[in-house]
1. What does the net charge come to around L53 if you take all other residues with beta carbon closer than 14 Å to its beta carbon, with K and R at +1 and D and E at -1?
2. Would you mind calculating the gained length between W76 and S62 on full extension (0.36 nm times residue separation, minus the Cα-Cα distance), in nm to one decimal?
3. With a 10 Å Cβ neighbour count serving as the proxy for reagent exposure, in which order, fewest first, do R22, R57 appear?
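Quick note: the coordinates plus some simple rules give every number you see, no bench work behind them. Here the structure is a predicted model, which means the values were calculated and not measured. Every residue, glycine as well, gets a Cβ built from its backbone with ideal geometry; the counts of neighbours run over all protein chains shown.
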Amino acid sequence: MNSPTMGSRQITIGMSDSLTERIITTVAEIDGQSVDELEPLYNAINPEALESLFASRADGSSRPDGEVSFQYAGYWVTVSSEGAVEIKTDDR
């Protein structure tokens with residue numbers, strides 16, 4: 001259930017955190033659900049591709065700046081190359 005008063009939430013992903021797990025966990029927390037109650041993330045975006053897009057290159061260097069936005073479980077999720085994840089309600 002989406003919280004009508006929730007505007008947006010931003011989290012920063014640490015290097016050891018799984019990007020997709022943090023997205024799912026945060027959305028579940030915002031919604032007051034368990035992660036098992038949410039639709040699979042792969043219904044919205046390819047989780048492996050998302051992880052790869054923002055992972056360091058094989059030589060350890062970082063990727064160029066950029067961001068990806070997608071809808072998931074009633075929210076707009078925006079992931080940036082700096083490791084920030086913003087989750088906003090989908091009030092459109």
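1. -3
2. Contour length minus Cα-Cα distance gives 2.6 nm.
3. The order, fewest Cβ neighbours first, is R57, R22.
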